Each structure stands twice: as structure tokens, then as C-alpha cells.
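Okay, structure first, notes after.
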Ligand code: DX5
Ligand code: ZN
């Protein structure tokens, strides 16, 4: 069974971005999660292209970029050029899903599509064969440190059942309110990749916390 932890840089110390990225690089986490927010799709602004550079320089790990921006098709190519391995955009953020998928693929990265807590899994049915990953948001996107929305567990099971039914092999990632306390049940429900911001960077020993999540 695949178990991937993707620590979210949103909770890192931006004054010590290199140090915090190197910590993940040494850790058992295989991915690094990068949350890009535009203040339009979500009521918060985080960071953009310039921050990709020091992160890419400080680690060889998979860069898992989560775009919470409108019209992602305009920018996905630049995120791939900046070093993204996975580019995930929101189903709710664009009228041009196919173009967005094509732009990410043509640029050479893997494609992720994400749904907010109130968006049903069923809307993705016709798109699932085109993507490498589906990201289920387990909090309203925009901020770290929120509580996990319990209904998200059913969405993971539903998506996993749909994946089996369709004979597909995209990864299932979950993001928001995740810690060693709920990681075990999320992996068991069918998630392969778990994002964690405050649980990792707020821990006394972040590297140990990542191991705890993997072994949960
Ligand atoms: C929220 C972001 C998350 C966030 C998770 O919009 O997509 O990746 O960093 O933070 P925690 O793990 O603290 O809920
Ligand atoms: Zn995220």
C-alpha cells in the first residue's frame, strides 16, 4: 500500500525556507506540498512563483503544487517550469478543465484535480481517466490549522470505489486538518497521499511526526 506524506510549506517559517525545506528533504516524507492562493478563489493570499525557486533548490523530493487560483490554465505551465512535479488545480476554479489538463501534461508534469468539501465526488466521473491524482479537500481551502471535516472520509471511500469500478489508478490525496490522530483511518479508507501543515511544522520534532503519520 502506498503511503505518502506531503508536508505543507504554508506552515513553514518563511524566514527559514531553506532550513525547513531541507528538514523535509531529510525526512520520511516523499513529497513537498506548495499551496498557492490568489485572494480570489480563496479569501487568502499565500505566495507564487518566486517561492518555488528556493524550495526546488533545497530538495530533490516531489513538488506537489496545489493551486487555489482562478483561471489556473493561464499559469500552470509556469509552475511546471518552476519545478512542479504535480500540478493540482480546482474543479471549481475554471471553465477550461481540458485545456488546463493539456497544459500541465504538455509542460511535462502530472495532473491533479481537487474538489472543495461541498463539491460532490460524482462531478469528477468523466474526468477521472484524464488525471494522475484527485485531491479531496477536508477543510475549506484558504487557511492552515482548521479542523478536519468528518464527511471527507466518506468521499475518500466513494472515490476509491469509483476508481475500482472504472479500473483506474490515479492517486487519492487528502488535505486539511490531518495529523497522526486521523492519518491511519485516511490511509485505510483509500488515500495514498496525506497533506499536513500545522501537524508537521507545529510538532516539537517534525521529522518524528512524519514517521508517526506514516505508521498511524
Ligand atoms: C489549505 C491548504 C492546506 C493547508 C493544510 O487551503 O490547502 O494544504 O496547508 O494545513 P493543515 O494541515 O494545518 O490543515
Ligand atoms: Zn493544500
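Residues in the stretch 1-50 that are closer than 20 Å to residue 193 by Cα, part of a loop (DSSP other than H, G, I, E, B) and touching a residue at least 60 places away in the same chain (Cβ under 8 Å): 1, 2, 3, 12, 27, 28, 29.
Of all the criteria given as (1) away from ligand 1 (no atom under 12 Å from the Cβ); (2) more than 15 Å from residue 117 (Cα to Cα), the one not satisfied by residue 151 is (2).
Residue count for the stretch 55-70, restricted to those that are under 23 Å from residue 203 (Cα atoms) and assigned to a helix (DSSP H, G or I): 2. Applying the criterion of being touching a helix residue (DSSP H, G or I) at 6+ places or on another chain (Cβ under 9 Å) and within 16 Å of residue 11 (Cβ to Cβ) to the residues of the stretch 40-57, the residue that is surrounded by the most Cβ atoms within 10 Å (Cβ to Cβ) is 55.
Could you tell me whether any residue of the stretch 85-92 is over 17 Å from residue 137 (Cα atoms), within 14 Å of ligand 1 (Cβ to nearest atom) and outside any strand (DSSP E or B)?
Taking the stretch 85-92 and keeping what is over 17 Å from residue 137 (Cα atoms), we get 85.
Filter once more, keeping what is within 14 Å of ligand 1 (Cβ to nearest atom): none.
Among the residues of the stretch 85-92, not one is over 17 Å from residue 137 (Cα atoms), within 14 Å of ligand 1 (Cβ to nearest atom) and outside any strand (DSSP E or B), which makes the answer no.
Among the candidates 24, 4, the residue that is crowded, with 21+ Cβ neighbours inside 10 Å and in contact with a strand residue (DSSP E or B) (Cβ under 8 Å, 6 or more places away or on another chain) is uniquely 24. With the condition kept exactly as written, say whether any residue in the stretch 152-169 is at pLDDT 95 or above and within 29 Å of residue 14 (Cα to Cα). No, every residue in the stretch 152-169 fails to be at pLDDT 95 or above and within 29 Å of residue 14 (Cα to Cα). The helices (runs of 4 or more DSSP H) found wholly in the stretch 133-205 and carrying at least 3 residues that are away from ligand 2 (no atom under 14 Å from the Cβ) and either more than 16 Å from the chain's Cα centre (by Cα) or buried (at least 16 other Cβ atoms within 10 Å of the Cβ) (or both) occupy 152-166, 180-189.
The values are calculated or read from the model by the stated rules, or taken from the named source; none is laboratory data. Here the structure is a predicted model, which is why all the values come from computation and not from measurement. Positions of Cβ are backbone-derived with ideal geometry, glycine not excepted, and every protein chain shown enters the neighbour counts.
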